1. How big is the protein assembly as shown in terms of Cα radius of gyration and Dmax, in angstroms?
2. For labels at B:Lys367 and B:Asn403 in the simple 7 Å Cα→Cβ model, what's the distance in nm?
3. Looking at this model, which pairs from B:Lys346/B:Lys616; B:Lys133/B:Lys178; B:Lys870/B:Lys930; B:Lys148/B:Lys685; B:Lys148/B:Lys178; B:Lys570/B:Lys704 are more than 23 angstrom apart at the alpha-carbon?
4. Based on the alpha carbon coordinates of chain A, what radius of gyration and maximum Cα-Cα distance (Dmax) apply, in Å?
5. With a Cα-only, solvent-free Debye model of the range B:463-505, what are the log10 I(q)/I(0) values at q = 0.17, 0.22, 0.23, 0.34 Å⁻¹?
6. Extension gain B:Val151-B:Ile1054, at 0.36 nm per residue separation less the Cα-Cα distance, in nm?
7. Taking every residue in B:664-672, how many Cβ atoms of other protein chains lie within 10 Å of its Cβ, on average?
8. Taking the square root of 5 times each eigenvalue of the Cα gyration tensor, what semi-axes in Å does the equivalent ellipsoid of chain B have, largest first?
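The values are calculated or read from the model by the stated rules, or taken from the named source; none is laboratory data. Keep in mind that what you see is a predicted model, and the values were worked out from it rather than measured. Here Cβ is always computed from backbone atoms with ideal geometry, including for glycine, and neighbour counts include all displayed protein chains. The protein model used for the area step is the full one, side chains on, heavy atoms only, and it has no ligands, DNA or RNA in it. Shrake-Rupley method; radii C 1.70, N 1.55, O 1.52, S 1.80 Å.
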Amino acid sequence: MKHILLLGALILINSFFVSCKKLIDIDPPKNKLSQETLFQSDDLATSVVTGIYSRMAISQGSGSIHHLCGLSADEFINYNVGFAEFYKNKITTISSSNTSLYSNCYSLIYSANALLEGLEGPNKVSQSIKKQLQGEALFIRAFHYFYLVNLYGPVPIQLITDYNVTRKEPRSSVDLVYKQIITDLKSSETLLTDTYITTDRVRPNLSTVDALLARVYLYTKDWANAEKYASLVISKSKLYNLEDPDKVFLKNSNEAIWQLFPPVNGNTEEGNFFILSSIPYNVSLSKDFMLQTFEINDKRKTNWTNSYTEGTETFFYPFKYKLQYTTAVTEYSMVLRLAEQFLIRAEARTQQDKLSNAIDDIDRIRSRAGLTLLRDNNPTISKADLLILIQKERKAEFFSEWGHRWFDLKRTNQINLVLSPIKINWKSTDALYPIPFEETTRNQNVKQNDGY
Amino acid sequence: MNYHVRKILFLMRLTTVILLGTMLHLSAATFGQKLNYVNKNVSLEQLFKEIKKQTNYNVVWYEGKLNTATTINADFSNASLDQVMNKALSGLPLTYTIRQNNIVIKEKTPSLLDKVISHFKNTTLFGKVTDEKGNPLPGATIRIKDTKTAVLSNKDGNFSIESKELSGVLFISFLGYKPTEISFSPTNPGPFTVTLKEDESILNEVQINAGYYTVSDRERTGSISKITAETIGKQPISNPLQALQGRVPGLQITQQTGITGCGFTVQIRGQNSIANGNNPLYVIDNIIYPSIGISSPSLGGLFGLTGDSPLSMITPNDIESIEILKDADATAIYGSKGANGVILIKTKRGQNSEMKINANFFQGFSKVARHLKLLNTDEYLEMRKEAITNDGLTPTSTDYDINGTWNANKYTDWQKEIIGGTANTTTAALNLSGGNDNITYFLGGNYYQEGTVFPGDFGFKRGGIQSSLELGPSKNRFHVSFTTNYSHTQSDLMREDITRDILLAPNAPNLLDENGLINWDNNTLYENPIASLLRSSDSGADNLLINTILNYRIAKDLIIKTSLGYSVLKRDDYLTTPLSSYAPAYGFNSSFRSASYSNSSNRTFMAEPQITYKSKIGPGEFDALIGMTFQNNKSGSSTITGTGFNSDEVLENISAAATLKSRSFSYQYRYVAFFTRLNYNINNKYLLNLTARRDGSSRFGEDKRFANFGAAGAAWIFSDEHFFRKNLTFLSFGKLRASYGITGNDQIPDYQYLQLWANGLPYQGLPTNVPDNIANKDFAWENNRKLEAALQIGLINNKVNIEISWYRNRSSNQLIGDPLPPSTGNFSVMANRPATVQNTGWEFQTNFKILNKINWQWSIGGNLTIPKNKLISYPSLESSSDAYNYIIGQPLSIKRIYNVRGINSQTGLYDIEDRNGDGLINDEDRYLYKFTGQYFYGGLSNSVTYKNFNLDFLIAFTKQNSSNNYMNNGGLSLGYWDYTGPTSNFPVITLQRWRQPGDITSIQKASTSYESYVAFDKARTYGGESISDASFIRLKNVSLSYNIPKKVLNRLKICDAKISLQGQNIFTITKYLGLDPESQSISTLPPLRTLSIGLNLTL
């Protein structure tokens, strides 16, 4: 009896060790996909890049650049405690708005890198889709590095997903970051075509890449290339034309080079955020900004701003997007549009002393705004005055869009001049936002910006 | 005794024998009647009839004492009755006496001589064993001390025992009674009446459930505390966890909110894991039970807290006992799950008795016990105006509180309005139990409901059925037990805890207008708590636990056992956000109407085959257990959220939503283990207990799934040693025990080793995928090495019991979401970190039985825990993300803070030292630290019984710091006004604020400026200004009961009836600057004070 039991116990123990490895095998969760599955079909691989765009379309994503940079510059008045640090230009390293601004860019870069790696590895994605997706991923990476370098200065360049490597990456100089941006955009240029891959203009195409390249060359003062790439886009007049102000931000507007499809249930997050139907609790356009920005009869003032009055107080707000919480979707969120290309080219031409050509470009924008033409008014304007005028035009054209005003003040070295009179305790180091403390404490190779 | 003395004694005995022998002959007697009767093989019955016929003498016997069918050969001629009877009874152990006309046959009693002879050959001692009430105790053991001679008392409690010695000591023992010694000697030869007292000492025969085996409290080698149904029954509580508060050393239970059904934090012996998984393992009737709520993560934390508490689905009244396993010896058999201790819950079983019906009904009332002293209208307005003045501003159009929009003379006590209500509680239960040797059964039903203190009709309801059936006596070949526990809970609650609204400006308008409608006061009120209540959360949950244990005894000491368990928790949540819950001033449209419908479930199947074997090996007894566990757990949830409803009325109709969004989660967890326990017991004095387990868990990457755990425990019951018996007579029990072992922790989310992508928001109407995590295939178990030493003593017949334990737990290989710099695209990755956390502590538990008289019983008990947590090592802490969170050598619960040098007497702002002088106040300046945990905690219990009255109470106490006080009132600084938020008022302590230059105080000036907000925020978050004393002494529980006298009950045919008055959280003494030092917040509902009255009947 005892022997049988002993034998039985041994068999039990043995079978246990053999089978228990199998006993604890589990299936992946039903609501998620493993990395391997993701690149088994064109649709799944495409869902990675569209996942990036859907996240961009949410206000707490890159979209918060609109109001945070607007607050840091001279566009907005703040009513929200969470944004106060931006309004006062006293951003702390622990600011959650700043952390999400920074980390959202990198999170999207991570997705782009994961997509690129997935397409490099074993996969079943068709050649044409693969090319398209690689082109988009490279563009997305460049796009976000552009914002990172302009918000924070030197930043770590992450081109892979392996966290064991990326967690130690030090900051690269501004030049290197721009170099990387241009490399990515140039590669992307070879992969994309002028066709928008889906209906609507909500996924980048070749012109989107060229438009961003034009901007990058403008920022890096490579005037010739800026002019060249802006011209490339402008020349595609079958695709792109300036619209009347009230039609610019509609979906599939002819001016759109790249728009974002709004998140579920509505129109744009910008409309939701800016339009006032009560006393503001986030931001409103500053009255000084309203007074100083627009010439008389500027259609942009009448079309793109609005006000809400309660009692004796009037609050102004950007009204480029006219719809708030309606479900009939007629507006998409604009990222890149043709007007910018005209102003890029105008500036690039001015810098290259092609003043007359530059005036032509500016007049395209002025005439759309219902303003008198420079060609009629002041055809002999000096280069310096023209540059000032271009900045004035940019201010009126791009307010509340993608941080244009903040970046323009910085790159034209006007920032101290413009902001020190209106911001208490303005310091020149405030031009760069602080690297969030999560980055500096978790990656000892990353040092903080001056002044923080 | 020396030889000569023995000799003399022997001679004395002999003389007595001779003297008595001569006397004996005198006792014979003769009778005159004669009998003539000759008959072969006549039965005694016939003979006795013949005697009656011829002599008219009746022969009387006791049935059973004499077999009257016995035959003899009757050959009597003129024989005397004596001759006849002697012949008839010859050879039988019977004798007779003749009284009047009766011949009475009875058992032969030894003649005096026999008695005397036997007395001096072997001293025969007689006696009777009874209990305190005089009832005989059959089966008691009577032993002559230091010999092997022992007998059992008979059914009448009588015994006789022979001693070879003339004097000595009788040792009388009986299970459940205190043993007694009686000395005998020629001068004290008995007979003895021995009264045994019931042994109330908790140390003896109390059986402790250690999960896979049971052990007597006396012989346990591990650290296990037990709470019984009796203690639980004295508390008017809804969650069994509340019953443990303040009663178990080493167990820290914090009720996070007074909203029924919501979360508790439970820690056994401190925080072991830096990042997650500090929950103990719950096992209910052998089934592993979830420790965290199962409601869908997409609903967010319900009530703004940690969500539902699964233990709230267990009815306290159904519980027979709760055991808390703490050290390695007790927990290592749970392997990878035992690191944070184990809480075993056993539900009620039937008893071997006649059918009993037990019914109880309680009605209770709960209220918020402690209100804050907040600024009244004058003080508040003064503070606000002062803020505006300090800033050199004038009130703006939205400063409704001070710009004249709101009545400056109005005062509302918002605490009264919002949390001042009374929550009624009703408890009812009916149990039926009984059984015999072969079957025992228990069947119970119960109902509980509790309202809330908030305005409106909210509440929590629970109904349950509990049954248990046991077949076959445990000694039988086959023994089966089957338990089922089902409960349904219904929580109709609000989505947000509106307690935060007690900080509304005291002159804010009424919440309801004259017509009883929600008042938005011409769009000046943006937050109306009554409207917030419209955002409701209705949840129904079902909980079913089934456990079957099959025991098969192969041989006397070899048993095969299988435990099969299945549990299902299902929960439906229905959350609504009607548009009417938002202030119209926001101008929200129909897209803000939303409703979420969510189903969650958690299913666990467990199978645990086991073999137990007992044997005598060498000088001791060997007890072995080998077993295996297989656990399969599937959980998940799906949520559909509809938005854009046309009207608030149709929110219940999901198809009326304009848009639908759905989310689902699914998890699977598998776990397999092989475990063994070897126990060796020598003379119940030296005990050794070894446990081991090999575990595999699906939560780890393929190469890291298996690991070994084990522990050794030993105990020495030194009070049984001769030396202590002889020299320390006051010591009735003494035990030293120690244990060491390794357990593990796998409390991390599932699938962390897999690189996964989850659904993002659709783009162009098509699904998208976004990265879910960064994967790490190489992380493994967190180890916990536990060491414990303890001393248990019982003094003066166990009237005083003391247990002192010291423990040291070291947790290493910490499983942490390793924080990553955000530039990696993620904030963390699951990984093992080379850090070690140590928890050491002293635990004391005592019990004094001060009085134990028939009418008076009084005992007091106490427990105290002094925990100490320490981060022992953290290689490269300085460069890690935790650099500003922890300090090596300090507890995890410290907070690194700035040096706040009080209030700058000129500016009125917090003056924060810029340590490194770089002109900035940032993390690098946080060079000080403050402790935010417990210094010690414990409880004092008292129980007094006088006749039919019983009074019990428990005082719980904690010395601790809290990192949350009135300053964390939603993040607004003093004087700041956010017309959209409710949190502008402050406690009266802010009257001491800085008012003018030169003021020396510790509270910042009132101001709406950004600078003051920053200073306030820094002082609050990293300045330690919100770290303050939250120590408290609380009268946790009071129970007064009266047993209705038996006399009264007998007439009503009721066995037992008891009327009780019970109270929970009666009063609290604390300096804490918030609502409650336990929940430690100013904006969540504190644990409530409950008073309850009830009746308990047993039929």
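1. Considering the protein assembly as shown through its Cα atoms, Rg and Dmax are 43.3, 173 Å.
2. 4.0 nm
3. Those over the limit are B:Lys346/B:Lys616; B:Lys570/B:Lys704.
4. For chain A, the Cα-based Rg and Dmax read 25.6, 114 Å.
5. -0.69, -0.82, -0.84, -1.09
6. 321.2 nm
7. For this peptide, the per-residue mean of nearby foreign Cβ atoms is 5.
8. In descending order the semi-axes read 73, 32, 31 Å.
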